[in-house]
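Peer 1: Take a look at the following structure, please.
The values are calculated or read from the model by the stated rules, or taken from the named source; none is laboratory data. Note that this is a predicted model, so its numbers are computed, not measured. Cβ placement follows ideal geometry from the backbone for every residue including glycine, while neighbour counts extend to all protein chains displayed. When the accessible area is computed, the model is the full protein with side chains, heavy atoms only, and any ligands, DNA or RNA have been set aside. Shrake-Rupley method; radii C 1.70, N 1.55, O 1.52, S 1.80 Å.
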Amino acid sequence: MIDKPLLKKRFSDHAKTYDQFASVQKKMGTQLLKRMDGKESEFAPIHILEIGCGTGYLTKKLSQQFPEATITAIDFAPGMIEIAKQRINDERVHFLCGDIEEMGLKERYDLIISNATFQWLNDMENTLIRLSHSLKNNGRILFSTFGAETFHELHTSFSRALQKWQIYTNARLGQPFYSLKDLLELCDCTIRLVHPHSNIVGIETIEKERFLSVRDFFTSLKKIGATNSNQGPFFQRPSILKEMIKIYERDFQENGFITATYHCLFIEVALKR
């Protein structure tokens, strides 16, 4: 389970540095909007709900791509909302600070969109059902999140460090993510409860970032507030973490840089008339 108060504090505290370090998240947002390219004639949303608007990077692009639409942009971190409001001065955009897992949604929307946020949900199943009820006829849900291969270098290095020290534990570094297959199955058994004839498709991509050291990689995560916020066991023995860093920099080094993999999942749901 995600410790939501801790996560909220971390995102708020690092809102000012988020855009500088969230390069993969920005690429995911751009890719998400490309899913709408060429569909304006068949689908022009008037009411848009954005979940996890962060600093407003995607919100701004949405307002430009759909100039006739009103946008409700939600984020649970006050610091993020503050930066987003500084970025966007548009009467069509309304910001709300709250947790989508706890908020009641009274409106119905043509488009519900979310970029790199759903990995922070504690109950994605019920959230998808609730969002499906808030979708208008012929509406769409479009979201991106991180997949099971994300940071495989880190998790492999951690596992090898534990093996070397002959330590057996259920603790892990961060929360687990879905594979594309499992995520599509989850969408199928939740969204289709509400909209049996919806069309659900998914794609996956791999993004790799390079860093001079593992510590630089950890710093980049800290600067966007995305460090471990699990309530479960978290292994922090210094000797093991030091060994993990040593293994990471030995086994996952390319031309003087270490690599960090982001497994990006994109889901599009279109309701049929």
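Peer 1: Hey, does region 159-173 have a residue that's farther than 27 Å from residue 28 by Cα, without any contact (Cβ under 8 Å) to a residue 40 or more places away in the chain and under 25 Å from the mean Cα position of the chain (by Cα)? Outline the logic, then answer.
Peer 2: Here is the first cut: in region 159-173, the residues farther than 27 Å from residue 28 by Cα are 159-171.
Restricting the remaining residues to those that are without any contact (Cβ under 8 Å) to a residue 40 or more places away in the chain gives 159, 163, 166, 168.
Remaining after also requiring under 25 Å from the mean Cα position of the chain (by Cα): 159.
Checking region 159-173: at least one residue is farther than 27 Å from residue 28 by Cα, without any contact (Cβ under 8 Å) to a residue 40 or more places away in the chain and under 25 Å from the mean Cα position of the chain (by Cα).
Peer 1: Of the conditions (1) part of a helix (DSSP H, G or I); (2) open to solvent by 10 Å² or more (accessible area, probe 1.4 Å); (3) not basic (Lys, Arg), residue 37 clears all except one; give me its number.
Peer 2: Residue 37 satisfies all of (1) part of a helix (DSSP H, G or I); (2) open to solvent by 10 Å² or more (accessible area, probe 1.4 Å); (3) not basic (Lys, Arg) except (1).
Peer 1: Suppose we keep only residues that are open to solvent by 30 Å² or more (accessible area, probe 1.4 Å) and either in contact (Cβ under 8 Å) with a residue 60 or more places away in the chain or basic (Lys, Arg) (or both) within region 102-112. Which one would you say is farthest from residue 30 (Cα to Cα)?
Peer 2: That would be 106.
Peer 1: Here's another thing I want to ask about it. Quick one: would you say residue 63 is surrounded by fewer than 22 Cβ atoms within 10 Å (Cβ to Cβ) and either small (Gly, Ala, Ser) or under 24 Å from residue 222 (Cα atoms) (or both)?
Peer 2: yes
Peer 1: So, one more: Among 6, 32, 96, which is the only one that is in contact (Cβ under 8 Å) with a residue 24 or more places away in the chain, surrounded by fewer than 21 Cβ atoms within 10 Å (Cβ to Cβ) and either assigned to a helix (DSSP H, G or I) or acidic (Asp, Glu) (or both)?
Peer 2: 6
Peer 1: Could you tell me whether region 80-103 includes any residue that is closer than 25 Å to residue 196 by Cβ, acidic (Asp, Glu) and modelled with pLDDT of 95 or more?
Peer 2: Checking region 80-103: at least one residue is closer than 25 Å to residue 196 by Cβ, acidic (Asp, Glu) and modelled with pLDDT of 95 or more.
Peer 1: If you don't mind, there's one more thing I want to ask. Within region 250-268, how many residues are part of a strand (DSSP E or B) and among the acidic types (Asp, Glu)?
Peer 2: Summing the residues that are part of a strand (DSSP E or B) and among the acidic types (Asp, Glu) in region 250-268 gives 2.
Peer 1: Further question: Name the one entry in 55, 72, 59 that is in contact with a His (Cβ under 8 Å, 6 or more places away or on another chain) and at pLDDT 95 or above.
Peer 2: Result of the check over 55, 72, 59: 72.
Peer 1: As an exercise: evaluate residue 56 against (1) over 13 Å from the mean Cα position of the chain (by Cα); (2) more than 16 Å from residue 32 (Cβ to Cβ) and give the number of the one condition it does not meet.
Peer 2: (2)
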